[in-house]
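S.K.: Handing you a structure now.
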Amino acid sequence: MEINWQGEIKKRKSELLNDLKELLKIESVRDESQATKEAPFGPGPRKALDKFLQMANDDGFKTLNLDGFAGHIEFGTGEETLGILAHVDVMPAGNGWSTDPFVPVIQDGRLYARGSSDDKGPSMAAYYGLKLIKELNLPVSKKVRFILGTDEESGWRCVTHYFEKMPLPDFGFSPDAFFPLINGEKGNVTYSVSFSGENIGKVTLLDFQAGLRENMVPNEAYCHLSGTDFEIIEKKFKEFISRNPIQGNVKQEDGVVKLEVVGKAAHAQEPRNGINAGTYLALFLSDLDLKGSAKNYISFAAKSLHNDSRMNNFGLRFTDDVMGDLTMNTGIFNFKNSVGGEIVLNFRFPRGLKASQIEKALSEEAAILGGTVKLAGKLQEPHYVPLDDPMVETLLKVYERQTGNKGHGIVVGGGTYGRLMERGVAFGAMFPGVPDTMHQVDEFIPVNDLLRAAAIYAESIYLLIK
């Protein structure tokens with residue numbers, strides 16, 4: 001039976017876009033200040049999960065909501081299970097968008113909204129691939145579990161809870177990255193560095209804030225200072241802004257000076273794609289007459305962390321021939337005069353390097369300035385699936401057949417649910433040459449790419465389960 005996969009998806013274009021837009025309208029950002037037993041990560045992620053599962057119910061699928069942490073859509077029967085692992089939570093939108101991040105809009109063939117490319121758009125494309133197989137009543141011999149998480153952008157507690165109660169699929173993919181195919185993912189670990197003690201100097205750092213999540217390059221940073229001459233610091237700050245690839249603002253209220261820096265957000269898997277507003281602000285402050293914990297905090301950020309995504313300053317630069325560089329992202333800054341300060345760092349590390357080596361190098365450097373280091377998240381080891389795995393070969397052949405381009409494996413610093421399965425990969429939905437706007441302002445997915453991805457998913461799923 002010859003199936004025109006792209007043609008079948010195009011017939012469903014309006015329906016796909018309408019369903020996706022409804023999902024994109026939901027601000028499914030983790031907010032544990034409003035967490036409940038039914039919504040463990042806040043109302044937004046739970047609402048998005050409910051919306052997706054209700055949509056699948058309406059389409060005739062069997063679904064399960066597991067305590068508000070995660071859910072699944074089930075199709076087919078058989079002894080083996082193909083897992084498709086996606087997520088409905090999104091990163092905070094931040095400021096600087098050209099349009100409302102939660103009012104999806106199509107402009108110049110691009111669908112703009114938070115979650116359009118990470119991961120609601122790809123998730124919907126994969127779902128429509130599965131839906132197409134159901135609607136065409138194609139024969140299958142395996143089971144599919146389309147699993148939806150609600151905490152992927154944070155600690156993965158959603159899938160941890162899910163797989164405590166449900167079995168892992170035998171093989172599968174996550175539609176949460178790039179084409180052709182990601183068969184290798186670096187290890188992922190987060191540490192925090194804390195500084196405490198007195199902060200008494202001619203200039204007092206009252207507070208310092210930057211960053212929304214450890215897996216984002218901070219787009220904005222600000223601090224408040226007392227004990228400064230406003231005219232002098234204003235002149236120095238404006239000169240500093242003019243010399244560096246950032247924007248900024250300085251003002252004074254009731255004798256307190258506020259400094260603001262705007263850089264560029266980016267995904268933590270490649271910090272060089274962003275401009276870290278936090279370390280730039282620290283670099284400026286490092287010339288001021290700070291004392292105690294404030295001086296140590298700022299010195300560490302400015303001298304050890306600024307413009308060092310490869311841990312050169314820590315003597316731990318490391319590269320694997322297959323998996324690439326060790327990377328470090330300085331993601332969150334939080335300093336208060338009466339408390340002290342914390343900096344949260346996210347590391348993506350390749351095979352051949354252990355997290356303990358990272359912790360040791362970080363601790364030795366921080367200790368020079370009185371800083372202490374602790375683990376601040378779940379450790380994930382590097383993950384790799386050989387290119388000769390039958391599933392990988394099938395996925396790449398479909399990609400080649402539908403695009404006309406050569407398929408190949410990719411290793412990334414980002415982490416996807418694909419790593420949860422021994423035979424798990426990430427497969428799409430971003431095509432080569434398309435700007436990567438995940439975790440950035442004005443996030444988008446090209447509409448034609450969304451449809452192309454759905455067709456690729458449809459054929460791929462069918463070949464894996466027929």
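S.K.: Can you name the number of the only condition in (1) in a loop (DSSP other than H, G, I, E, B); (2) outside the structural domain of Asp321 (by TED's automatic domain parsing) that Tyr399 fails?
M.R.: (1)
S.K.: I'd like to know if the stretch 135-142 contains one or more residues that are out of contact with any strand residue (DSSP E or B) (no Cβ under 7 Å at 6 or more places or on another chain) and either assigned to a helix (DSSP H, G or I) or not assigned by TED's automatic domain parsing to the domain that holds Asp449 (or both).
M.R.: Yes, the stretch 135-142 contains a residue that is out of contact with any strand residue (DSSP E or B) (no Cβ under 7 Å at 6 or more places or on another chain) and either assigned to a helix (DSSP H, G or I) or not assigned by TED's automatic domain parsing to the domain that holds Asp449 (or both).
S.K.: List every residue pair whose Cβ atoms lie under 7 Å apart, where the two residues are 6 or more positions apart in sequence or sit on different chains, the first residue falls within the stretch 142-166 and is touching a residue at least 12 places away in the same chain (Cβ under 8 Å) and under 16 Å from Gly42 (Cα atoms), and the second residue, located anywhere, is among the polar types (S, T, N, Q) and outside any helix (DSSP H, G or I).
M.R.: Qualifying pairs under 7 Å: Cys158/Thr150.
S.K.: Then there's this: Inside the stretch 1-98, counting only strands (runs of 3 or more DSSP E) that do not spill past its ends, which hold 1 or more residues that are among the aliphatic types (A, V, I, L, M) and under 20 Å from Gly121 (Cα atoms)?
M.R.: Filter on the stretch 1-98 gives 70-75, 81-87.
S.K.: What pairs come up if the first residue lies in the stretch 1-15 and is under 21 Å from Pro139 (Cβ atoms), the second is hydrophobic (A, V, I, L, M, F, W, C), and their beta carbons are under 6 Å apart, counting only those six or more places apart or on different chains?
M.R.: Qualifying pairs under 6 Å: Trp5/Ala455; Trp5/Ala458; Glu8/Leu132; Ile9/Leu451; Ile9/Ala454; Ile9/Ala455.
S.K.: Criterion first (touching a strand residue (DSSP E or B) at 6+ places or on another chain (Cβ under 8 Å) and over 29 Å from Ala453 (Cβ atoms)) does Gly341 satisfy it?
M.R.: yes
S.K.: Separate question: Could you grab me the full set of residues in the stretch 210-235 that are among the basic types (Lys, Arg) and touching an Asp or Glu at 6+ places or on another chain (Cβ under 8 Å)?
M.R.: Listed by number, the list holds a single entry, Arg213.
S.K.: For residues that are crowded, with 22+ Cβ neighbours inside 10 Å and in a strand (DSSP E or B), scanning just the stretch 260-288, find the one that is modelled with the lowest pLDDT.
M.R.: So the residue we want is His267.
Yes or no, residue by residue, for (1) under 22 Å from the mean Cα position of the chain (by Cα); (2) outside any strand (DSSP E or B); (3) not charged (D, E, K, R); (4) not assigned by TED's automatic domain parsing to the domain that holds Asp170:
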| residue | (1), (2), (3), (4) |
| --- | --- |
| Ser338 | no, yes, yes, yes |
| Gly341 | no, no, yes, yes |
| Leu345 | yes, no, yes, yes |
| Leu362 | no, yes, yes, yes |
| Leu387 | no, yes, yes, no |
| Lys406 | no, yes, no, no |
| Gly414 | yes, yes, yes, no |
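S.K.: Step by step: first the residues of the stretch 301-336, then only those that are more than 19 Å from the chain's Cα centre (by Cα) and among the aliphatic types (A, V, I, L, M), then the one that is surrounded by the most Cβ atoms within 10 Å (Cβ to Cβ). Which residue is that?
M.R.: So, considering only residues that are more than 19 Å from the chain's Cα centre (by Cα) and among the aliphatic types (A, V, I, L, M), the one surrounded by the most Cβ atoms within 10 Å (Cβ to Cβ) is Ala301.
S.K.: Restricted to the stretch 239-259, and to residues that are exposed (fewer than 13 other Cβ atoms within 10 Å of the Cβ) and modelled with pLDDT of 95 or more, which residue is farthest from Gly274 (Cα to Cα)?
M.R.: Checked the stretch 239-259; the qualifying residue farthest from Gly274 (Cα to Cα) is Lys251.
S.K.: Filter the stretch 119-178 down to the residues that are among the small types (Gly, Ala, Ser) and modelled with pLDDT under 95, then identify the one that is surrounded by the fewest Cβ atoms within 10 Å (Cβ to Cβ).
M.R.: Gly155
S.K.: Answer with yes or no whether Lys37 is surrounded by fewer than 13 Cβ atoms within 10 Å (Cβ to Cβ), in contact with a strand residue (DSSP E or B) (Cβ under 6 Å, 6 or more places away or on another chain) and modelled with pLDDT of 95 or more.
M.R.: For Lys37, the condition - surrounded by fewer than 13 Cβ atoms within 10 Å (Cβ to Cβ), in contact with a strand residue (DSSP E or B) (Cβ under 6 Å, 6 or more places away or on another chain) and modelled with pLDDT of 95 or more - is not met.
S.K.: I'm trying to understand the selection: among the residues of the stretch 429-466, which are crowded, with 21+ Cβ neighbours inside 10 Å, acidic (Asp, Glu) and in contact with a helix residue (DSSP H, G or I) (Cβ under 8 Å, 6 or more places away or on another chain)?
M.R.: Glu459, the sole residue that qualifies.
S.K.: Criterion first (in contact (Cβ under 8 Å) with a residue 40 or more places away in the chain and surrounded by fewer than 23 Cβ atoms within 10 Å (Cβ to Cβ)) does Ile84 satisfy it?
M.R.: Spelling it out, it is not the case that Ile84 is in contact (Cβ under 8 Å) with a residue 40 or more places away in the chain and surrounded by fewer than 23 Cβ atoms within 10 Å (Cβ to Cβ).
S.K.: Answer yes or no: is there a residue in the stretch 216-232 that is touching a residue at least 40 places away in the same chain (Cβ under 8 Å), in contact with a Phe, Trp or Tyr (Cβ under 9 Å, 6 or more places away or on another chain), buried (at least 22 other Cβ atoms within 10 Å of the Cβ) and assigned to a loop (DSSP other than H, G, I, E, B).
M.R.: yes
S.K.: Within the stretch 101-115, can one find any residue that is within 29 Å of Phe444 (Cβ to Cβ), β-branched (Val, Ile, Thr), assigned by TED's automatic domain parsing to the domain that holds Ala48 and free of Cβ contacts under 8 Å to residues at least 40 places away in the same chain?
M.R.: Yes; the residues of the stretch 101-115 include at least one that is within 29 Å of Phe444 (Cβ to Cβ), β-branched (Val, Ile, Thr), assigned by TED's automatic domain parsing to the domain that holds Ala48 and free of Cβ contacts under 8 Å to residues at least 40 places away in the same chain.
S.K.: Quick one: Ser304 ticks every box in (1) touching a residue at least 60 places away in the same chain (Cβ under 8 Å); (2) part of a helix (DSSP H, G or I); (3) within 23 Å of Ile200 (Cβ to Cβ) except a single one, so which number is it?
M.R.: (3)
Let's see how each residue does on (1) over 21 Å from the mean Cα position of the chain (by Cα); (2) of a type outside the set (Phe, Trp, Tyr); (3) outside the structural domain of Asn137 (by TED's automatic domain parsing):
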{"position": "Pro45", "(1), (2), (3)": "no, yes, no"}
{"position": "Phe52", "(1), (2), (3)": "no, no, no"}
{"position": "Ala56", "(1), (2), (3)": "yes, yes, no"}
{"position": "Gly96", "(1), (2), (3)": "no, yes, no"}
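S.K.: Please determine, by comparing only the residues of the stretch 180-203 that are polar (S, T, N, Q) and at pLDDT 95 or above, which one is farthest from Val344 (Cα to Cα).
M.R.: For the stretch 180-203, the residue satisfying everything is Asn183.
S.K.: Let me ask something else about it. Please specify each residue of the stretch 201-256 satisfying the condition of being among the small types (Gly, Ala, Ser) and over 19 Å from Tyr297 (Cβ atoms).
M.R.: Ser242, Gly248, Gly255, listed by residue number.
The values are calculated or read from the model by the stated rules, or taken from the named source; none is laboratory data. This structure is a prediction, so every number in the text was calculated from the model and none was measured. Ideal geometry is used to build each Cβ from the backbone, glycine not excepted, and the neighbour counts take in all protein chains shown.
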